[in-house]
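I have placed the structure first, in the form of structure tokens, so that the comments after it can refer back to it.
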Amino acid sequence: MKSAIVTGASSGIGLEISKRLLKLNYRVYGISRDFSKVKFDDSNFVKVNCDITKIGELTEKVKQINKTEEIYILVNNAGVGFFGPHEELNVSKIHAMVATNLEAPLILTQLLLRKLKKNSGFIINISSITAKKWSTYGCAYAATKAGLSHFASSLFEETRKTGVKVVTIHPDMTKTNFYDNSNFREGDNEETYITTKCIADAVYMILSQREGTVVTDITIRPQKHIIVRK
């Protein structure tokens, strides 16, 4: 059975992508700090409790998976965002964003790249629309996502001859718990946000391309732009 690794797999986008990959008959190794709120069981959904910012622990767990499994897909989904004027962010929040959004994906990719080359696999990075434009209320978050997107573009050029497909999805405002600790959220109208299913559908489309065709960059946006202040 082909296997996939998905970070941030206990909720939101990561959980929805994991469910879609399970339907496609992948064994999914979901990485997250806490799976206590996951309400479904599937023998092919392997829950890996790990804080991806603890690089030593992450490295050991991924190496163990890589020894026994044929990894075909890596989804770098886990992300954290803190918003506000940059001078008001404390050092721990900046460090958390860099470690989660950028450092961990770079390290995971390095650990799995030889196997993904061997299997002509996929690296799917969940970035953000903020990677493509200025962000005056979250410039540090946007910088980490822009770094991830640039890394993906460069890595595709580096590895494309080996058959590795490197893809970046840039979602706009998505209805998840991502904004629970922010002072804003998506609008109430369905046209003001995208859903986790929208992103899982994009992953399915990426995997459905004919051999030799790669969709390297997808931006998903709601029809209307409305942000509600809490």
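The values are calculated or read from the model by the stated rules, or taken from the named source; none is laboratory data. Worth saying up front: this structure is predicted, and the values here are computed from it rather than measured. FYI the Cβ positions are ideal-geometry reconstructions off the backbone, even for glycines, and counts take in every protein chain you see.
Here are some notes:
- Test: residue in the range 146-162 that is in contact with a Lys or Arg (Cβ under 6 Å, 6 or more places away or on another chain), among the hydroxyl-bearing types (Ser, Thr, Tyr), over 16 Å from residue 6 (Cα atoms) and surrounded by 18 or more Cβ atoms within 10 Å (Cβ to Cβ): no
- Among residues of the range 83-119 being in a helix (DSSP H, G or I) and among the polar types (S, T, N, Q), the one that is farthest from residue 22 (Cα to Cα) is 92.
- For the range 92-121, the tally of residues that are farther than 19 Å from residue 162 by Cα and either at pLDDT below 95 or not hydrophobic (A, V, I, L, M, F, W, C) (or both) stands at 7.
- Breaking point among (1) surrounded by fewer than 18 Cβ atoms within 10 Å (Cβ to Cβ); (2) free of Cβ contacts under 8 Å to residues at least 60 places away in the same chain; (3) outside any helix (DSSP H, G or I), for residue 182: (2)
- Residues of the range 185-194 that are within 15 Å of residue 220 (Cα to Cα) and touching a residue at least 24 places away in the same chain (Cβ under 8 Å): 186, 191, 192, 193, 194.
- For the residues 38, 48, 80, 62, the requirement of being in a strand (DSSP E or B) and under 19 Å from residue 17 (Cβ atoms) singles out 48.
- For residue 162, the conditions (1) among the hydroxyl-bearing types (Ser, Thr, Tyr); (2) at pLDDT 90 or above; (3) within 19 Å of residue 230 (Cβ to Cβ) are fulfilled apart from (3).
- Test: residue in the range 106-121 that is free of Cβ contacts under 8 Å to residues at least 12 places away in the same chain, farther than 24 Å from residue 214 by Cα and not charged (D, E, K, R): no
- The condition (being over 30 Å from residue 25 (Cβ atoms) and outside any strand (DSSP E or B)) is satisfied by just one residue among 140, 202: 140.
- Test for residue 67: is it in contact with a helix residue (DSSP H, G or I) (Cβ under 9 Å, 6 or more places away or on another chain), exposed (fewer than 15 other Cβ atoms within 10 Å of the Cβ), at pLDDT 95 or above and part of a helix (DSSP H, G or I): no
- Any hit, the range 50-57, residues being at pLDDT 95 or above, loosely packed, with under 11 Cβ neighbours inside 10 Å and not basic (Lys, Arg): yes
- Residue 19 over 14 Å from the mean Cα position of the chain (by Cα), assigned to a helix (DSSP H, G or I) and among the charged types (D, E, K, R): yes
- The single residue among 125, 119, 77, 101 that is touching a helix residue (DSSP H, G or I) at 6+ places or on another chain (Cβ under 6 Å) and closer than 19 Å to residue 2 by Cβ turns out to be 77.
- Within the range 141-187, being over 14 Å from the mean Cα position of the chain (by Cα) and β-branched (Val, Ile, Thr) holds for 159, 162, 164.
- Tally of residues being loosely packed, with under 14 Cβ neighbours inside 10 Å, among the aliphatic types (A, V, I, L, M) and outside any helix (DSSP H, G or I) across the range 205-226: 1
- Here the range 23-45 is the region considered, the condition is being in contact with a Phe, Trp or Tyr (Cβ under 9 Å, 6 or more places away or on another chain) and closer than 13 Å to residue 12 by Cα, and the residue that is surrounded by the most Cβ atoms within 10 Å (Cβ to Cβ) is 30.
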